[in-house]
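Structure first, commentary second.
The numbers here are math on the coordinates, done by the rules we state, and not lab data. Predicted model, so just to flag it, every value in this text is computed and none were measured. Cβ coordinates were reconstructed from backbone atoms using ideal geometry, including for glycine residues, and neighbour counts include every protein chain displayed.
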Amino acid sequence: MTTRCSTGPIGHGTLLQVSVFAAMLASAGLPLYIHLPRFAVGELGISLSALGLVLIAMRVFDFIQDPLIGRMIDRLPRQRGAFAAAASGGLALGFVMLFATEPWFDRVLWLIIALAILFTAFSTATILVYGQGVALAGPAQGSAHFGIAGFREAGIVFGVVLAAVTPGLLGIAYGEDIAYRLFGLGLGVFCLLAWAATRGLWKHERSPVQPLSLTSLRQAGSIGLLLLGFLNALPVALTSTLFLFFVEDRLEAPDLSGAFLVLFFAAAGFSAPAWAALVSRFGARPVLLSGMGLAVLAFAGTATLGPGESGAFVVICIASGAALGADMVILPALFSRSLSDAGLPAGQAFGLWALVSKLALAGAAAIALPLLELRGYLPGQTNGGSALQALTFAYAILPCLFKIGVIGYVLIVPLPGDQT
């Protein structure tokens, strides 16, 4: 595949670099949102309420830093390679601290410091890779944004699968007691290797036409997309935060958690080209609505599952993963296109995009974790009916209710690129 940017044609080499950097980003993101709750509670001995407060504090930290990081990247466009090196190194250091190093002092404080490093590095990497898509596509290249998104999402699927299966495989091979330590070391090495393989990605440049402001975002149609991104991230954030708890304590199938994650994200990745093709033919709105409707229909059945019903959950993982593929491809590509068409600075704008996604994750943690603790739920322990009902409600029912609300919003919000 070859597409074009403002500096000329972009071939497979550059697009593969997009995939590699996205794979690093995804392999770093999944442990933060999937493995972290279980690791912090089970390995570090931190309570659910304390973990929820830490995550909220980190999101407040992100609330301040994400737009600032985006602004720095826009003001220093020739230093994007240095930003990429710092992000990759920060992820490597943070994961070694979090998973592979015994805390040197108070465990909660150690967790806060490690997460601060990780979230800063993760924010920088996220803003870089999504913002670079705007530079690669160039102005008024609507279809190019979806092509770049396809390569980016392919890398994301690889990174997610890698991060999903590695802890389980390490546990089988070397024992559960050191699996997370080896996992942290392996992630650190992978981040450094990914940086070395993608140093040429940041040579493509783009000069914004106008500064970022509320007025310019509104005129570009980007404000509505930011709100849509936040609302749509809420149900995914809830299921991500509670996934391991549900599989272990509701389905009683902890050994299958890695396989479930692989199926879910593989379905998302393999469906991505199909969603992009459908957008080219039918437009963004009907395809996005179809994906969201599929998500509700697929995930609603989760509320009826109990111990031993892993076969039904496999079907749900595949169907809901395919639905997620629509969100992964369409929403960032639409946002990127709105910025490109309006000539807005991508770093600051995707700093806001990263921010709203993290606010959704913070909201999910603030809603779900205290609720579960209030109802007496204890991860990995014997739980009563009330605690398991609360887990099912938070994991299965609440996300569907949120998603239905998002569908209503998609029906009214302007979507640049409805006809691509």
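What is the sum of charges around Ser357, taking Lys and Arg as +1, Asp and Glu as -1, for the other residues whose C-beta is under 12 Å from the C-beta of Ser357?
Here the count lands on -1.
Could you work out the local net charge near Ile397, counting Lys and Arg as +1, Asp and Glu as -1, over the other residues with Cβ closer than 15 Å to its Cβ?
+3
Could you line up Ile156, Ile407, Ile178 from fewest to most neighbouring Cβ atoms inside 10 Å?
Going from sparsest to densest Cβ surroundings: Ile178, Ile407, Ile156.
Which is the longest stretch in the chain that no exposed loop site breaks, taking sites as chymotrypsin sites (Phe, Trp or Tyr not before Pro) with a DSSP loop state and at most 16 other Cβ atoms within 10 Å?
For chymotrypsin sites (Phe, Trp or Tyr not before Pro) (loop position, at most 16 other Cβ atoms within 10 Å), the longest site-free span of the chain is 106-420.
Quick one: work out Rg over Rh on the C-alpha atoms of the range 64-154, Rh as Kirkwood radius.
On the Cα set of the range 64-154, Rg over Rh gives 1.09.
For the pair Phe282 and Asp106, how long in nm is the line joining their label points, each one 7 Å along Cα→Cβ?
5.4
What is the chain's relative contact order, in percent, from Cα pairs under 8 angstrom and six or more apart in sequence?
RCO, the chain: 27 percent.
Please give the length that would be gained between Tyr409 and Lys203 if that part of the chain were fully extended, namely 0.36 nm times their separation in residues minus their C-alpha to C-alpha distance (nm, one decimal).
Using 0.36 nm per residue and subtracting the Cα-Cα distance, I get 70.3 nm.
On full extension of the chain, what length is gained from Thr304 through Asp255, given 0.36 nm per residue of separation minus the C-alpha to C-alpha distance?
Result for the pair: 15.6 nm of gain on full extension.
With the radius of gyration and the Kirkwood radius both derived from the Cα set of the chain, what is their ratio Rg to Rh?
Using only Cα positions, Rg/Rh for the chain is 0.95.
If I model a spin label as a point 7 Å beyond the Cα along the Cα-Cβ vector, how far apart are those points for His12 and Ala366 in nm?
Roughly 4.8 nm, to one decimal.
May I ask you to derive the FRET efficiency for Val165 and Val189 from their Cβ-Cβ distance with R0 = 22 Å, giving the value to the nearest 0.05?
Once rounded, the FRET efficiency stands at 0.85.
Need one word for the range 44-109: rounded, prolate or oblate. Basis is the Cα gyration tensor (sqrt eigenvalues a ≥ b ≥ c); a/c below 1.5 gives rounded, then a/b vs b/c decides.
Note, shape of the range 44-109 comes out oblate.
If you consider only alpha-carbon coordinates, what radius of gyration and Dmax does the range 192-308 have, in Å?
Over the range 192-308's Cα set, Rg and Dmax evaluate to 19.6, 57 Å.
Once every DSSP H run of n ≥ 4 in the chain is given -39500 (n - 2.57) and the sum is divided by its residues, what mean residue ellipticity at 222 nm do you get, rounded to the nearest 500 deg cm²/dmol?
-26500 deg cm²/dmol
Working out 0.36 nm times the residue gap between Leu401 and Val314, then minus their Cα-Cα distance, what length gain in nm do you get to one decimal?
Length gained between Leu401 and Val314: 29.1 nm.
Counting other beta carbons within 10 Å of each residue's own, what order do Glu102, Glu176 fall into, fewest first?
Ordered from fewest to most neighbouring Cβ atoms within 10 Å, Glu102, Glu176 come out as Glu102, Glu176.
Rounded to the nearest 10 degrees, what's the angle between the helix 48-75 long axis and the longest principal axis of the chain, both from Cα atoms, 0 to 90?
On a 0 to 90 degree scale, this one is about 10.
Based only on other Cβ atoms within 10 Å, what is the fewest-to-most ordering of Val134, Val296?
The fewest-first ordering by Cβ neighbours comes to Val296, Val134.
Near Pro167, within a Cβ-to-Cβ distance under 14 Å, what is the net charge of the other residues, with Lys and Arg +1 and Asp and Glu -1?
Here the charged neighbours net out to -3.
Nearest 10 degrees, 0 to 90: what angle lies between the long axis of helix 310-342 and the longest principal axis of the chain (Cα atoms)?
30
Helix 284-300 against the longest principal axis of the chain: what's the angle in degrees, Cα atoms only, rounded to the nearest 10?
Approximately 0 degrees, to the nearest 10.
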